[in-house]
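Have a look at the structure below, then the notes.
We did not get these values from a lab; they are worked out from the coordinates using the rules stated. Keep in mind that what you see is a predicted model, and the values were worked out from it rather than measured. A quick note on method: Cβ atoms are made from the backbone with ideal geometry, for glycine too, and the neighbour counts reach across all protein chains shown.
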Amino acid sequence: MRKLVWLGKDNFLLEQLAGSPPTPREDEVLLKVRSVGICGTDIHIMKGAFPAAQPPMVLGHEISGEIVATGGQVKRVREGDRVTVDAVAGCGKCELCRQSRVQFCANGFEFGITRDGGCQDYLVLPERNVYPIPPGMSFEEAAVLDMEVYNAVRKCGIERGDSVLVLGAGPIGLIACQVARVLGAGHITLGEVLKSRLDTAEPLGMADAYLQVQGASSGNGNVAGQFQVVIDCAGTSGSFKYALKAVRTCGRVLLYGVFEHPVDQIDMNEIVLKDLVVFGSQSDRDGWEEVIDLVSAGAIDLRRLITDRFSLEEAPKGYSLVESRVPDSIKAVLLV
Ligand SMILES: [Zn+2]
Ligand SMILES: [Zn+2]
């Protein structure tokens, strides 16, 4: 059994463990991990920007695999099922958990962030954290399948024909474009600061128009007040200011990107006088089955977003690729 231990910064150790895999408890399942997505959050963790995640630990919170054993009370899945994983686990009993706001459970944890995650051969999980995937879906698609973006974009209240601007041409932005389309958006513009990332995104055809964003104070003239909904997946001071300018009167701005720095010098009257709704989303934990169906039906294409694959042995190379933000790389996964 292999286990990739993150030792801090960009140091990893691949441990070979003897013995047999762990045994699941009554309400748990044992997963043979098959794929793990590498995410920007992993890079934040490696840079020490995520105090909740401390080395030594096993990274990997975007996980898929195959059930190889189940506890006595497990009913929803059985041995042999292929599943995607919700890495966020709550107590399952408190008010927040019952409202599908498991990410705020006081007794919760997250695999790959506050507890060992998917970068290992076997992982024991609560039964309620796994969702079966159909035969046509690959493990790598299942690993990067993102219910969080879906939920967040759903809260934007997009109406048929709406004009939507998505900021940030990374994997999240590209998924957000596709979700906006599913929800009825009429015209979708993808905005990005880096020309090279825009060049990579454009051939995928997931938006209708592509816009190179040139800072909050310049290049706004042509987009000011054009969009009913702006979805900021970049999370920078520039993207936020741009979003406030680009959104139409009475429009909505979703802040989905996690901000690395506080934003200052915002003219709050841009929100007040335009009657805007500006909101964040950490994502409720429901909607897994819907997203699985949308991906399976081809309405959300994850396959073409996966540009790089690494074995567990090569994983450090994968993390450094994602960290260096190579323009023609969109999403990297590990095949375990
Ligand atoms: Zn992630
Ligand atoms: Zn709870």
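Computed about the Cα centre, the dipole magnitude for region 149-280 is approximately 240 debye when only Lys and Arg (+1) and Asp and Glu (-1) carry charge, each at its Cβ.
Tell me the mean residue ellipticity at 222 nm calculated for the chain from its helices only (DSSP H runs of n ≥ 4, each -39500 (n - 2.57), averaged over every residue, nearest 500). All intermediate terms of the calculation are to be shown ahead of the outcome.
Working: 10 runs with 76 residues, N = 336.
After summing the helix terms and dividing by residue count, I get -6000 deg cm²/dmol.
With the simple model of a label 7 Å out from the Cα in the direction of the Cβ, Ile271 to Arg98 spans 3.2 nm.
For a quick check of your reading of the filter: which GluC sites (Glu not before Pro) in region 5-106 sit in a DSSP loop and have no more than 11 other Cβ atoms within 10 Å?
Numbers: sites: Glu15, Glu26, Glu28, Glu62, Glu66, Glu79, Glu95; in loops: Glu26, Glu79.
Qualifying residues, ordered by number: Glu26.
Can you give the log10 of the normalised intensity I(q)/I(0) at q = 0.08, 0.10, 0.12, 0.13 Å⁻¹, computed with Debye over equal Cα scatterers of the chain? At q = 0.08, 0.10, 0.12, 0.13 Å⁻¹ the computed log10 ratios are -0.38, -0.59, -0.85, -0.99. Once the mean 1/r over all distinct Cα pairs of region 149-280 is inverted, what Kirkwood radius in angstroms do you read off? One over the average 1/r among Cα pairs gives 14.3 Å for region 149-280.
Label positions at Thr307 and Arg325, each projected 7 Å from the Cα along the C-beta direction, are separated by 1.3 nm. Qualifying trypsin sites (Lys or Arg not before Pro) in region 140-226, where qualification requires a DSSP coil assignment and no more than 12 other C-beta atoms within 10 Å, comprise Arg160. Need the C-alpha centroid separation for region 277-298 versus region 133-160, integer Å. The two parts, judged by their Cα centres, are 5 Å apart. Listed from fewest to most Cβ neighbours within 10 Å, the set His61, His261, His187, His44 follows the order His261, His44, His187, His61.
Shown in residue order for region 327-336 are the 3J(HN,Hα) couplings computed by the Karplus curve 6.51 cos²θ - 1.76 cosθ + 1.60 at θ = phi - 60°: x, 8, 9, 9, 9, 10, 10, 9, 9, 9 Hz (x for Gly and Pro). Comparing mean-square fluctuations of Val33, Val182, Val272 from a GNM of the chain with C-alpha springs under 10 Å, the top value falls on Val272. Taking region 125-147 and a reference point 7 angstrom along Cα→Cβ of Arg78, no backbone N atom is nearer than 12 Å.
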